[in-house]
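The values are calculated or read from the model by the stated rules, or taken from the named source; none is laboratory data. Everything quoted here is computed from the prediction, not taken from an experiment. Every residue, glycine among them, receives a Cβ derived from its backbone with ideal geometry; neighbour counts consider all protein chains shown.
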Amino acid sequence: MLSESDARVLRAISDGLNDPEIIAQKLNMKVEAVRASADSLAESGLVKIKKSVQEIFSLTAEGQRYGNEGLPERRLLQEIASGKPMSELKDPNIKIGLGWLRKKGWAAIQGGVIKPTGSAARGKDEEVLESLLAGPKSGEMLDRSGLEALKSRGLVSSSKTKEWRYEATPEGRRVASETGDAKAQSLTVITSGMIKSGDWDGNNLRYNGRLYHARPYDVTLPADRIYPGKKHPYQRLIDRMRGIMLEMGFSEIKGQVVQSSFWNFDALFQPQDHPAREMQDTFYLDSKAEIPDYSRVKEMHEHGGAVGSTGWGGCWSPEVARQEVLRTHTTGVTIKYLAEHPVPPVKVFGIDRVYRREAIDATHTPEFEQLEGVIMDEGVSFRHLLGFLKEFYLKMGFEEVRFRPGYFPYTEPSVEPEVFIDGLGWVELGGAGVFRKEVTAPFGIEQRVLAWGLGVSRVAMLKLGLKDLRLLYQSDIQWLRETPLSIES
């Protein structure tokens with residue numbers, strides 16, 4: 001069954017109206033509503049729609065002036081009459097027509113005198129100019145050669161307009177004749193009064209002196225899917241991780257994206273010639289940063305300080321340490337916080353974006369999120385670290401967790417937590433360990449510091465079942481719609 005508006009539009013088209021503007025005026029509807037109804041009727045095979053694009057031309061300001069005064073070459077021709085020396089042509093507005101005068105073959109210059117050479121019949125460009133002076137017109141109504149001549153001189157401008165024309169099909173005319181009384185209103189709500197006192201005749205109801213037409217509905221038809229607004233799956237995962245850390249008693253810290261090499265590398269006892277500092281791994285900036293007193297860090301790097309270390313030897317350079325970078329990990333933020341809070345207890349975490357020079361593919365991007373946490377307190381041990389990590393991953397929904405020995409430049413001992421994933425086996429999800437004394441001693445930190453970190457995007461790929469990391473950062477609306485709300489499933 002047709003809606004009330006569709007039926008009205010169909011009857012109007014069947015009656016011979018084909019312009020949506022005229023139909024809208026007659027039916028007291030918005031023209032957009034008429035077009036929408038016509039499109040719906042066309043899909044049902046009741047109406048044929050002919051759409052066309054017309055180019056409308058109008059005069060520019062200069063063209064308007066020439067339309068009133070005449071083209072410069074025509075005015076110049078009138079000025080020279082039977083002939084005139086070039087030296088006597090003073091008006092620049094007329095002189096600009098000289099080139100067109102000669103191009104059209106209306107005059108020639110001989111011995112410094114310009115003379116007419118022919119009849120100078122009225123041209124097509126002048127006819128189009130006069131026609132457009134009366135108002136804008138479709139290109140189909142104008143001589144093409146005359147129009148092109150005016151366009152080349154910048155005397156006309158154009159705009160495109162769309163036109164719709166409708167025609168009822170034989171089936172459309174049949175349906176229009178069967179839609180009932182044109183004065184009938186569509187019945188959208190049935191009240192108790194209509195049921196009690198209304199006069200029903202099939203699908204028509206006469207009630208309170210008015211005629212209503214009831215539309216049947218097929219309740220077996222599938223409803224349109226609704227896609228409500230929801231938080232991005234990756235953001236939900238990050239928020240879940242943040243919630244777990246807060247539940248476990250951690251406080252969140254933040255840091256600057258741009259870090260000095262001192263905090264990003266040197267404070268973590270990474271030698272200044274370490275491969276991680278190379279350009280292929282790090283985004284270096286053309287700027288320098290102020291760094292704190294570095295004497296104890298310098299001593300630790302060169303000689304090992306007083307913690308029984310031999311250091312890295314060589315000569316540690318403060319200029320290298322001042323070089324600013326886009327942080328390659330969040331550990332630089334962590335060690336800076338510990339340097340500012342050397343007295344226990346400290347139990348903090350951060351979830352932030354880090355940057356490395358990576359080739360973009362299904363499993364690598366040059367920027368990604370990292371989750372990192374530290375615990376510094378009296379009496380904490382490596383066993384506490386393992387217990388915390390296991391509890392965190394269990395809360396994230398990974399039922400089997402194990403640890404294997406690992407190596408990291410600034411922790412000893414170190415481990416790599418792994419979780420078991422059906423179909424993949426054991427998957428490594430981060431790194432952890434106890435900060436080396438070479439890291440903590442220069443900042444007066446006397447207690448053990450348990451530290452760990454993981455790539456959030458790797459966890460997201462496992463939890464969301466992704467094979468391409470780039471989906472986390474692309475606006476794939478279909479994937480966003482189909483991804484379930486829960487990250488626990």
Can you work out which of the residues in the stretch 48-73 that are in contact with a Leu (Cβ under 8 Å, 6 or more places away or on another chain) and in a loop (DSSP other than H, G, I, E, B) is nearest to SER158 (Cα to Cα)? THR60
Do any strands (runs of 3 or more DSSP E) lying entirely in the stretch 279-374 carry at least 3 residues that are within 23 Å of ALA432 (Cβ to Cβ) and modelled with pLDDT of 95 or more, and which ones are they? 346-355
Provide a single number: the residues in the stretch 109-137 that are small (Gly, Ala, Ser), at pLDDT 85 or above and either touching a strand residue (DSSP E or B) at 6+ places or on another chain (Cβ under 9 Å) or surrounded by 13 or more Cβ atoms within 10 Å (Cβ to Cβ) (or both). 3
Filtering the stretch 388-438 down to residues that are touching a His at 6+ places or on another chain (Cβ under 9 Å) and without any contact (Cβ under 8 Å) to a residue 12 or more places away in the chain yields none
Yes or no: the stretch 249-259 includes at least one residue that is under 10 Å from PHE349 (Cβ atoms), of a type in the set (A, V, I, L, M, F, W, C) and under 32 Å from the mean Cα position of the chain (by Cα). yes
Every residue in the stretch 176-197 that is modelled with pLDDT of 65 or more, within 23 Å of LYS26 (Cβ to Cβ), of a type outside the set (S, T, N, Q) and assigned to a loop (DSSP other than H, G, I, E, B), please. GLU178
A careful count of residues in the stretch 1-47 that are more than 17 Å from ARG173 (Cα to Cα) and part of a helix (DSSP H, G or I) gives 13
Could you list all residues from the stretch 461-475 that are surrounded by fewer than 14 Cβ atoms within 10 Å (Cβ to Cβ) and among the charged types (D, E, K, R)? LYS467, ASP468
I'd like to check which helices (runs of 4 or more DSSP H) are fully inside the stretch 399-489 and have at least 1 residues that are among the acidic types (Asp, Glu) and closer than 30 Å to HIS301 by Cα. 437-440
Tally of residues being surrounded by fewer than 16 Cβ atoms within 10 Å (Cβ to Cβ), farther than 21 Å from VAL449 by Cα and modelled with pLDDT of 90 or more across the stretch 244-278: 3
Considering only residues of the stretch 374-395 that are surrounded by fewer than 20 Cβ atoms within 10 Å (Cβ to Cβ) and of a type in the set (A, V, I, L, M), which is nearest to the chain's Cα centre (by Cα)? LEU394
Please work out which residue is surrounded by the fewest Cβ atoms within 10 Å (Cβ to Cβ), limiting yourself to the stretch 143-180 and to residues that are of a type in the set (Gly, Ala, Ser) and more than 25 Å from LEU129 (Cα to Cα). SER177
One residue is enough: does the stretch 403-411 have a residue meeting the conditions assigned by TED's automatic domain parsing to the domain that holds VAL307, crowded, with 19+ Cβ neighbours inside 10 Å, touching a Pro at 6+ places or on another chain (Cβ under 9 Å) and modelled with pLDDT under 90? no
Is one or more of the residues making up the stretch 254-266 touching a Pro at 6+ places or on another chain (Cβ under 9 Å), in contact (Cβ under 8 Å) with a residue 60 or more places away in the chain and not hydrophobic (A, V, I, L, M, F, W, C)? no
Extreme residue, surrounded by the fewest Cβ atoms within 10 Å (Cβ to Cβ), among residues of the stretch 193-240 that are under 42 Å from the mean Cα position of the chain (by Cα) and among the polar types (S, T, N, Q): THR220
Where the second residue is of a type in the set (S, T, N, Q) and assigned to a loop (DSSP other than H, G, I, E, B) and the first is over 19 Å from LEU394 (Cβ atoms) and lies in the stretch 225-246, which pairs have Cβ atoms under 8 Å and are six or more apart or on separate chains? PRO233/THR483
